[in-house]
1. Can we say F372 is surrounded by fewer than 20 Cβ atoms within 10 Å (Cβ to Cβ), within 27 Å of L856 (Cβ to Cβ) and in contact (Cβ under 8 Å) with a residue 24 or more places away in the chain?
2. Would you check if there is a residue in region 224-233 being touching a residue at least 60 places away in the same chain (Cβ under 8 Å) and either open to solvent by 20 Å² or more (accessible area, probe 1.4 Å) or in contact with a strand residue (DSSP E or B) (Cβ under 7 Å, 6 or more places away or on another chain) (or both)?
3. Scan region 544-565 and give yes if some residue there is closer than 30 Å to E814 by Cβ, open to solvent by less than 60 Å² (accessible area, probe 1.4 Å) and under 30 Å from the mean Cα position of the chain (by Cα), otherwise no.
4. Given the conditions (1) at pLDDT 95 or above; (2) open to solvent by less than 40 Å² (accessible area, probe 1.4 Å); (3) part of a loop (DSSP other than H, G, I, E, B), report the number of the one that H195 does not fulfil.
5. Which condition number in (1) open to solvent by 10 Å² or more (accessible area, probe 1.4 Å); (2) within 22 Å of R857 (Cα to Cα); (3) assigned to a strand (DSSP E or B) is the one that T111 fails?
6. In this structure, is G139 outside any strand (DSSP E or B) and not β-branched (V, I, T)?
7. Might you let me know whether region 803-817 holds any residue that is crowded, with 17+ Cβ neighbours inside 10 Å, of a type in the set (S, T, Y) and closer than 21 Å to Y33 by Cα?
Amino acid sequence: MASFLRGKQAGMQNDLSANILPELFAPDDRARYGINSQIRCIAYEPVQSLLAIGTTESKFGSGRIEVYGQTRVHKFLVPPRPCSFSQLQFCAHRLVSLDTKNEVGIWNLDTGSRIAGFRAPGVVASMVTDPMLDWCFLGMQNGEVFAYDLDRERMSPLRLPNYWGEKDSKARAVAMVSMQLHPRDIGKLMIAYSHGIVLYSFKQNKATQFFEYQVPPGAPGGSTAAVDAMRKPRLTHAVWHPTGTFILTAHDDGSLVFWDSKDGRVVMARTLYDMKINEPVPNPGGSRPKHPYIRIAWCCKQNPEDSGLLIAGGQTLDNAANGLTFIDLGVTPNYQTSTWQILADYCKGKQQNILETPPGAEVTDFFLIPRFSPHFAGAQDPIAIMTLLSSGELLTMSFPSGYPISPTNQLHPSVSFVHPFATKFAVSTLDRGSWLGMVEIRNQGEPLLKGGKEASRPRRRFEGRCIIQVAHADSTVRIWDVGHDDEIENPTQLQVDVARALNRYEDISITAMSMASSTGEFAVGTSGGEVVIYRWDGNRFFDRNQNQQLDPNPGGLTDISMRAEPALKQGLQPIRLYEMVQGAITVVKVSEVGFIAVGSDRGFFSIIDMRGPSVIYQASMVDFAKQEKRSSFIRGHSYAPPPKEWPVKIEFGVMTLDGDKFSSICCFVGTNTGKVITFALLPSGQSYTARPAGVSQLSDRVVAICPIVADTGKLAYATGQTVAGLREGKQVNGLLVVVTQTEARIFKPAVAKGASKCFDDYLCDAAAVTEVDIQGMALVGVFGDRVARAFSLPGLKEIGSAPLKMMDGSRGTESIVTEEGTVFCWTGPSELAVLNVWGAGREIENTADVLINPELRIPTRPTISNVQWLSGTQYVSPTDLDLLIGGAERPPSKRMMAAAAAELRGGGAGPASPTTAARAGAQEGWGDYLTRQLNERTEKLNLMSDTMDNAADSSQKWAEDAGKWASQQKRKMILGGLTSKFL
């Protein structure tokens, strides 16, 4: 009965929701865009061209790993228990993660599942992997080193003690700092402790060299503190030179120390500003305090001899920003023929540049993006640097120039939510044909991400595209297709730079956005009271910088086409600037028929006709306010001033207003106090005039205004087709569905009462009239109790409800419901959830995108040169390392077998052994394989005098067991060799 009465009151004869069953309202959690929590770590894989981002655990959810490829390729990796990720490293086709609970996880990138995991035996200070190895080395905080077998998914018998503690028993609190494999000699591991560094040889199974930095009395050092005494600054970082010629250590006093890796001497000690700080001087001057070093990378070009240092930190505290410093060292001098002075001059560098970062935000970490090679610690020929700022945002810069790189069409749209932070979003439904033609042409560098392949999805040719506009803290807006869980035919992004259009780069905050559904015209409102209007067009000023200065024009429209971006050849170009200058813009609406309506927080409202263009109407909300009459038995009658009022929702439609005999273009304006003001736009010569038609008063803040056709419930928007029908005398019997925070009302504009329903127990944050395929129309709302509800039309009876557990309740008022039944809501500071309310209740699923291309091969790891081999450096291959670490009980891995086959084909490094030649064409079993490997490596590595102490008991046991077994089978062939060398 209530439904029947509401239909009569609203003037709607048909039940538009009669065929909608409650079970149809079951939201599908369709997608996530953005980053769910604060970014903690990043990894890049140059062979597959993939980017992985690890986040921390927060109140918005557990830490998560997001892996991105080209365009929209994406997978997310969810840990079995809540955690925060601290390190990510790609290792061949795996991803290895370390979290703050010291748990190591190995992930399958094709399926997005975790294939193995274990808890480290202590607090992990450093994790080292190599794309050519099946080992994950873990450096404990107490200085011990363990190795985990990634192929067999178990701990190996290798365990290295704290070598510095054994060297200096009086040293206190010797902690692990970092580890790094030699860039060319895989048999050498650099272990950095807080007191110094140790070079460990897998071949000899012992620490071969120790490096300790000491500042003698009288030397300034990095801080000039206690200059009269011997100082031993604590070590904070250590990195190899790309060829292994030098080692760089950084210390807590600001010192950068270059070491000769062969004899252990100091080549140069310096800071970012001073040289030879380890040499005594008569009167050491004061040194300004410096920021601690955060991260250091020794980068190189395609030629690893041509290198430079990229340093985060180390600058003086009085610097405005603690950015990045790049020291170009140039080509490494020939070590054999260069004098000591030449080597010292090399460490001074050719030039030193500062890579600037945004003011007020410090760099907390950086990550290099190399072009091709994963070797040299991921620092060979980098094309870009991705920096993590203290604000939690990302900044990508070109290398080594430091020029900012926009993430538009370079990175996945989700990454752009923190590049910088997204502050506001709006959603429009664009005609498919229009959107397919909106592909901007912009001068841009080569893509940063090229890997992966999107999974095939169904194609919906006859639906409008769901286009989102995301405003960012740097006053840029990025526009892209969210889709309907279907194939996205145009996955590119559009970008507009509002700061450039305003010719002002400070104090810009985007407060409102709107895009026309068919024309693609776009308008942006700011907190300064300006509205920038964009239109799809070519750039008349392409590749040219024009004079940006224009005279102020308060209340008028200014041509700003000369402020187009020089690099943008075709795209959304700025055409007009409307300087309303009546407070912050609260709402802007671009119609499909050439009108733009604007409202500000001081209560002013304007309508712009883009045919001129010209401002055809301006008014204040005060003009539509009624004085409230109050009475008192003592003072008699008094009048209270109206409350402050401003527009919050605007919509254009075509319908016949109550009392009219013709249909017209209407503009409906909803305010924060619940007023709905109707304007009729009528032709007047070559333009239009706006006439106020009436005011309806609802309960409180207007959330949604939906003009509909009374008979069908279809949306009665002002489109080109409906406006063209007005010339033929066609009429549209329309109604308004208006939703406020506490009420929904259906009425005939401008002043009819209609039918209403109150929300007594909850507040509405967002709403829209949606269409259910074939079934009918319904009103869908998102409410403050984090529940989505659907109501029938015209009865306004609740059809169904569903909780939105993922929604951030504090930002519920920023949610959006579209006419297709898609809900957009924030789940945290920088992540959006996209749901389809007319679904099947499915939880969010991982994508079927393919990340790994098996045809892409990892380049061979750099190895020692012929000169190094002739001078006595013993070559160790990845296969050798497998044998030395894994022991006899470890069957050969797939990588080991492939490497052995490659060695048989190519002969490896150095001269080929007789055993290799004899076995090259033979078929052999697993036992024969181990025996041959033992003999070959014995000849190559010259292990005659190796003692294999307690830390390598397993390797010694393997050698003994293998010798005994082999001697029983082939006593005459290998008995003498094995007995003399190992037993």
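1. Working: surrounded by fewer than 20 Cβ atoms within 10 Å (Cβ to Cβ): yes; within 27 Å of L856 (Cβ to Cβ): yes; in contact (Cβ under 8 Å) with a residue 24 or more places away in the chain: yes.
For F372, the condition - surrounded by fewer than 20 Cβ atoms within 10 Å (Cβ to Cβ), within 27 Å of L856 (Cβ to Cβ) and in contact (Cβ under 8 Å) with a residue 24 or more places away in the chain - is met.
2. Of region 224-233, the ones touching a residue at least 60 places away in the same chain (Cβ under 8 Å) are 224.
Right, trim to either open to solvent by 20 Å² or more (accessible area, probe 1.4 Å) or in contact with a strand residue (DSSP E or B) (Cβ under 7 Å, 6 or more places away or on another chain) (or both) and you get 224.
There is at least one residue in region 224-233 that is touching a residue at least 60 places away in the same chain (Cβ under 8 Å) and either open to solvent by 20 Å² or more (accessible area, probe 1.4 Å) or in contact with a strand residue (DSSP E or B) (Cβ under 7 Å, 6 or more places away or on another chain) (or both).
3. Yes, some residue in region 544-565 is closer than 30 Å to E814 by Cβ, open to solvent by less than 60 Å² (accessible area, probe 1.4 Å) and under 30 Å from the mean Cα position of the chain (by Cα).
4. It fails just one condition, (2).
5. Failed condition: (3).
6. Numbers: outside any strand (DSSP E or B): no; not β-branched (V, I, T): yes.
Spelling it out, it is not the case that G139 is outside any strand (DSSP E or B) and not β-branched (V, I, T).
7. yes
A quick yes/no check of all residues on (1) at pLDDT 90 or above; (2) within 32 Å of the chain's Cα centre (by Cα); (3) surrounded by fewer than 18 Cβ atoms within 10 Å (Cβ to Cβ):
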site	(1), (2), (3)
Q141	yes, yes, yes
L150	yes, yes, no
Q180	yes, yes, no
P183	yes, yes, no
K203	no, no, no
Q209	yes, no, yes
G218	no, no, yes
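The values are calculated or read from the model by the stated rules, or taken from the named source; none is laboratory data. Just so we're clear, the structure is a prediction, and the values are computed from it rather than from any experiment. FYI the Cβ positions are ideal-geometry reconstructions off the backbone, even for glycines, and counts take in every protein chain you see. Just so you know, the surface numbers come from the protein's heavy atoms only, side chains and all, with ligands and any DNA or RNA stripped out. Shrake-Rupley method; radii C 1.70, N 1.55, O 1.52, S 1.80 Å.
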